[in-house]
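All remarks here apply to the structure that follows.
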Amino acid sequence: MVKKYPMTYEEFKEKVMELLFEGMDPVEKKETEKELKDLLEGEPDMFKHLYSSTCGAYDRDKEYPEAYFEDALLLSRPVQTILLSL
């Protein structure tokens, strides 16, 4: 089976979470995990919306769509969206 996008939803969610917590000390990570849990209680489809948005950008970009699934853009788009929502 050929994937339409460079990452499945599950791979995307796992990578965004990895980037979100990257470089955090244990105390900061624990606080952020709690805030994220609270956020997702109110916005349970947040990751699905972020994935959908990223896939839409991928579909529209004719020159270098893969960039939307690379760390730099994942950090600047979905990860920043989550951090700003906490």
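The values are calculated or read from the model by the stated rules, or taken from the named source; none is laboratory data. Fair warning: this is a prediction, and the values are worked out from it, not measured in the lab. All Cβ positions, glycine included, derive from the backbone under ideal geometry; neighbour counts span all protein chains shown. Surface accessibility is based on the protein's heavy atoms, side chains included, excluding ligands, DNA and RNA. Shrake-Rupley method; radii C 1.70, N 1.55, O 1.52, S 1.80 Å.
Just the accessible area for residue 27, please: 1.4 Å probe, Å², rounded to the nearest 10?
Rounded to the nearest 10, that gives 100 Å².
In angstroms, what radius of gyration and Dmax does the stretch 1-69 have, counting Cα atoms only?
Final numbers for Rg and Dmax: 14.2, 42 Å.
Read phi for every residue in the stretch 58-66 and hand back ³J(HN,Hα) as whole Hz from Karplus 6.51 cos²θ - 1.76 cosθ + 1.60, θ = phi - 60°, with x for Gly and Pro.
Values per residue, Gly and Pro as x: 4, 5, 7, 7, 8, 9, 8, x, 4 Hz.
For the pair residue 32/residue 61, report the inter-label distance in nm, with labels modelled 7 Å from Cα in the Cβ direction.
According to this spin-label approximation, the distance is 2.2 nm.
With the other protein chains left in place, how much accessible area per residue, in square angstrom, belongs to the chain at a 1.4 angstrom probe? Spell out each step's value before the answer.
Details: 5860 Å² over 86 residues.
Each residue of the chain exposes 68 Å² on average to a 1.4 Å probe.
Using a Gaussian network model on the chain with a 10 Å cutoff between Cα atoms, which of 39, 19, 75 fluctuates the most?
Comparing 39, 19, 75 in a Gaussian network model of the chain, the most mobile one is 39.
With a point put 7 Å past each Cα toward its Cβ, work out how far residue 22 is from residue 76 in nm, to one decimal.
In this crude spin-label approximation the distance works out to 1.4 nm.
May I ask you to derive the relative contact order of the chain, considering only C-alpha pairs under 8 Å and at least 6 residues apart, and to give it as an integer percent?
Relative CO of the chain lands at 45 percent.
Of all GluC sites (Glu not before Pro) in the stretch 1-83, which ones are in loop regions per DSSP and have a Cβ with at most 14 other Cβ atoms within 10 Å? It would help to have the intermediate numbers written out before the result.
Details: sites: 10, 11, 14, 18, 22, 28, 31, 33, 35, 41, 63, 66, 70; in loops: 22, 63, 70.
Here the sparse-neighbourhood loop sites are 22, 63, 70.
Would you tally the net charge around residue 52, using a Cβ to Cβ cut-off of less than 11 Å, leaving residue 52 out, and scoring K and R as +1, D and E as -1? Show your work: numbers first, answer last.
Values: positive: 48; negative: 45, 59.
Here the count lands on -1.
Quick check: at a probe of 1.4 Å, how many percent of the accessible area of the chain sits on carbon and sulfur atoms? Mind showing how you got there, number by number?
Details: 3090 of 5860 Å².
Its accessible area is 53 percent carbon and sulfur atoms.
What are the semi-axes of the equivalent ellipsoid of the stretch 35-74, taken as the square roots of 5 times the eigenvalues of the Cα gyration tensor, listed largest first and rounded to whole Å?
On the way: eigenvalues 131, 24, 4 Å².
Its equivalent ellipsoid spans semi-axes of 26, 11, 4 Å.
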